[in-house]
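Right, one structure below, let's go through it.
The values are calculated or read from the model by the stated rules, or taken from the named source; none is laboratory data. Since the model is a prediction, treat every value here as computed from it, not as a measurement. Quick reminder, even Gly has a Cβ in these numbers, built from the backbone with ideal geometry, and neighbours come from all protein chains shown. These area figures cover heavy atoms from the full protein model, side chains too; ligands, DNA and RNA do not enter into them. Shrake-Rupley method; radii C 1.70, N 1.55, O 1.52, S 1.80 Å.
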Amino acid sequence: MSDQPQHSRTTDFGYEQVAVEEKQQRVAGVFHSVAAKYDVMNDLMSAGIHRIWKRFTIEMSGVRAGNRVLDIAGGTGDLAAKFSKLVGNDGLVVLADINSSMLEVGRDKLTDNGIAANIVYVQANAECLPFPDNYFDCITIAFGLRNVTHKDKALASMLRILKPGGRLLILEFSKPTNGLLEKVYDRYSFSVLPFMGKLVTNDSESYRYLAESIRMHPDQKTLKDMMEHIGFINCSFHNMTGGIVALHRGEKNQHGK
């Protein structure tokens with residue numbers, strides 16, 4: 001009997017159970033809807049703190065000149081822009097996103113800011129990444145893993161394309177470590193977020209889904225266990241803002257296994 005997870009025909013879309021093939025389409029609809037105002041909403045939702053979370057991710061990445069970096073679910077390009085400067089002219093940054101609207105917003109933003117020379121853009125599904133084995137020095141996925149239908153398949157795909165000794169960093173909403181904070185955060189997520197979404201993007205339902213998808217995402221230890229089960233080594237996580245967000249880090253074995 002295989003110890004790999006058996007995939008059912010239904011999966012979660014927030015709190016709702018939907019057919020597996022339907023989830024990808026509905027998640028796409030969410031991000032097509034919010035793409036144009038995504039950066040504005042990020043700043044409003046987190047009071048700008050998302051920039052600190054992303055800066056810590058960059059610092060933990062160990063990326064240096066000449067590296068190849070893949071930013072999955074790279075959206076509007078916040079991490080890709082920073083990595084572009086770190087890897088320099090001899091390096092490469094691939095900004096990948098499954099959603100064409102998000103990819104277009106990111107490409108336009110980085111091009112307008114003069115950040116383009118060492119960045120390429122790829123529309124790709126995290127579960128079957130179209131890159132060679134042992135190719136990237138570092139892979140990041142920020143606030144994207146919870147939207148992936150089969151997270152184990154995505155993690156395995158990331159492991160395959162990492163170089164031996166390469167690093168994966170997952171920045172994602174997680175479970176608050178304090179009960180009182182969790183209650184406040186719940187009220188904020190299910191009352192304030194949809195209201196702001198309605199006000200800024202005229203779309204409250206997409207932000208209600210985002211709040212629900214955070215609650216359905218594996219907690220810190222569960223995600224770490226998943227990474228280890230797939231084959232990542234030296235796995236760890238760092239809680240930020242009381243566990244509202246966690247940064248998970250894992251490495252590919254030096255022997256490439």
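Checked against (1) touching a Phe, Trp or Tyr at 6+ places or on another chain (Cβ under 8 Å); (2) assigned to a helix (DSSP H, G or I), VAL63 passes all but condition (2).
Residue count for region 119-137 satisfying the condition of being open to solvent by 50 Å² or more (accessible area, probe 1.4 Å) and assigned to a strand (DSSP E or B): 3. Within region 200-216, residues that are surrounded by 15 or more Cβ atoms within 10 Å (Cβ to Cβ) reach partners that are outside any helix (DSSP H, G or I) with beta carbons closer than 6 Å, at six or more positions or on different chains, in the pairs TYR209/GLY14; GLU212/GLY14; GLU212/TYR15; SER213/GLY14; ILE214/PHE173. Of everything in region 138-167 that is touching a Lys or Arg at 6+ places or on another chain (Cβ under 7 Å) and open to solvent by less than 10 Å² (accessible area, probe 1.4 Å), the residue that is farthest from LEU70 (Cα to Cα) is LEU145. Scanning for something more than 16 Å from the chain's Cα centre (by Cα), assigned to a loop (DSSP other than H, G, I, E, B) and at pLDDT below 95, does region 199-222 turn up at least one residue? Within region 199-222, one or more residues are more than 16 Å from the chain's Cα centre (by Cα), assigned to a loop (DSSP other than H, G, I, E, B) and at pLDDT below 95. So which of ASN99, ASN67 is closer than 21 Å to ASP112 by Cβ and of a type in the set (S, T, N, Q)? Answer to the selection: ASN99. For region 172-188, the count of residues that are open to solvent by less than 30 Å² (accessible area, probe 1.4 Å) and either under 30 Å from HIS255 (Cβ atoms) or part of a strand (DSSP E or B) (or both) is at least one. Every listed requirement among (1) surrounded by fewer than 19 Cβ atoms within 10 Å (Cβ to Cβ); (2) in contact with a Pro (Cβ under 9 Å, 6 or more places away or on another chain) is met by ALA116 save one, (2). Any residue at all in region 43-52 that's of a type in the set (A, V, I, L, M), open to solvent by 40 Å² or more (accessible area, probe 1.4 Å), at pLDDT below 90 and not in a loop (DSSP other than H, G, I, E, B)? Looking for residues that are of a type in the set (A, V, I, L, M), open to solvent by 40 Å² or more (accessible area, probe 1.4 Å), at pLDDT below 90 and not in a loop (DSSP other than H, G, I, E, B), one finds at least one in region 43-52, hence yes.
From the list ILE115, ILE141, the one residue that fits, being β-branched (Val, Ile, Thr) and either within 25 Å of ALA19 (Cβ to Cβ) or part of a helix (DSSP H, G or I) (or both), is ILE141. Consider region 219-257. How many of its residues are among the β-branched types (Val, Ile, Thr), touching a strand residue (DSSP E or B) at 6+ places or on another chain (Cβ under 9 Å) and in contact (Cβ under 8 Å) with a residue 60 or more places away in the chain? Residues in region 219-257 being among the β-branched types (Val, Ile, Thr), touching a strand residue (DSSP E or B) at 6+ places or on another chain (Cβ under 9 Å) and in contact (Cβ under 8 Å) with a residue 60 or more places away in the chain: 3 in total. Scanning region 75-99 for residues that are without any contact (Cβ under 8 Å) to a residue 60 or more places away in the chain and either of a type in the set (Lys, Arg) or part of a loop (DSSP other than H, G, I, E, B) (or both) returns THR76, GLY77, LYS82, LYS85, GLY88, ASN89, ASP90, GLY91.
Scanning region 103-126 for residues that are closer than 30 Å to GLN254 by Cβ and touching a Ser or Thr at 6+ places or on another chain (Cβ under 6 Å) yields ASN118, ILE119.
Please go through region 61-96 and pick out each residue that is aliphatic (A, V, I, L, M) and open to solvent by less than 20 Å² (accessible area, probe 1.4 Å). Within region 61-96, VAL63, VAL69, LEU70, ILE72, LEU79, ALA80, ALA81, VAL87, VAL93, VAL94, LEU95, ALA96 meet the criteria. Beta carbons closer than 6 Å, at least 6 apart along the sequence or on distinct chains, pair a first residue in region 140-162 that is closer than 12 Å to GLU172 by Cβ with a second that is β-branched (Val, Ile, Thr) and part of a helix (DSSP H, G or I) for ASN147/VAL27.
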